[in-house]
1. Give me the one-decimal nm value for the distance between modelled label points at residue A:89 and residue B:7, 7 Å along each residue's Cα-to-Cβ direction.
2. Could you state the principal axis extents of the C-alpha atoms in segment A:74-147, from the largest down, to the nearest angstrom?
3. Mark the label point 7 Å from the Cα of residue B:41 along Cα→Cβ and return the residues of segment A:54-88 whose backbone N is within less than 11 Å of it.
4. Give the whole-number value, in cubic angstrom per residue, of the convex hull volume spanned by the C-alpha atoms of the protein assembly as shown.
5. Taking 0.36 nm per intervening residue step and subtracting the Cα-Cα distance, what contour gain separates residue A:145 from residue A:76 on full extension?
6. Please say if segment B:2-56 is rounded, prolate or oblate, where rounded means a/c under 1.5 for a ≥ b ≥ c the square roots of the C-alpha gyration tensor eigenvalues, and otherwise the choice is prolate for a/b larger than b/c and oblate otherwise?
7. Taking the simple approach of a point 7 Å from Cα along Cα-to-Cβ for both residue A:96 and residue A:46, what is their distance in nm?
8. List B:37, A:54 from most exposed to least, where exposure is judged by having the fewest other Cβ atoms within 10 Å.
């Protein structure tokens with residue numbers, strides 16, 4: 001295999017990987033799981049407050065947001081692809097701002113909740129959650145504006 | 001960029017939905033192009049050009065100061 005064929009093969013592989021998306025039917029499933037895990041987060045925090053259960057809920061929230069984020073639209077045309085790319089870019093920039101503002105947010109949340117907050121802004125989980133949540137929200141907002 | 005998409009569509013008596021189905025995009029995409037909120041790709045412009053039997057330049061036109 002010469003170098004041109006090898007690079008063509010590689011770029012085809014990258015294209016195939018970057019185009020990976022779930023079928024449109026997965027979106028309601030992702031939304032349903034997101035709502036269930038989101039409710040469970042608060043129920044757990046204000047009732048049993050189990051740490052293992054809390055970890056499961058955190059990962060459940062991330063996976064359900066990832067499902068929503070990776071799901072195709074019924075008609076996945078070039079406008080949707082552009083909106084999707086825009087939403088990933090905005091979410092990435094928003095994530096950087098969040099990390100920059102995190103020390104201030106930590107201080108404010110600690111001050112308000114006296115160190116007992118369930119949503120204390122720290123850890124990789126929250127950054128990933130904010131990235132995915134803002135991507136999904138921005139995507140839906142931009143899509144709505146084009147209607 | 002200005003476009004005559006709405007006019008060309010009216011000449012062929014096509015709804016946004018009909019046009020969208022013919023060129024394989026969503027109705028929102030057609031609506032966004034007509035409202036100048038989205039500039040289509042060359043591929044989509046060529047598809048429209050073939051459908052309307054007009055050149056791309058006859059459908060899409062640069063505005064003052066865009067060149």
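Each value in this text was obtained by applying a stated rule to the coordinates, not by laboratory testing. Note that the structure is a prediction, hence the values are computed from the model and not measured. Cβ placement follows ideal geometry from the backbone for every residue including glycine, while neighbour counts extend to all protein chains displayed.
1. 3.2
2. 48, 19, 18
3. A:77-82
4. Numbers: hull volume 45.5 nm³, N = 214.
In the protein assembly as shown, the Cα hull volume divided by residue count equals 213 Å³.
5. Values: separation 69, 0.36 × 69 = 24.84 nm, distance 1.66 nm.
Contour length minus Cα-Cα distance gives 23.2 nm.
6. Details: a/c = 1.19, a/b = 1.05, b/c = 1.14.
Rounded, since a/c falls under 1.5.
7. Taking the two extended label points, one gets 3.8 nm.
8. Working: B:37 12, A:54 15.
Going from least to most buried by this count: B:37, A:54.
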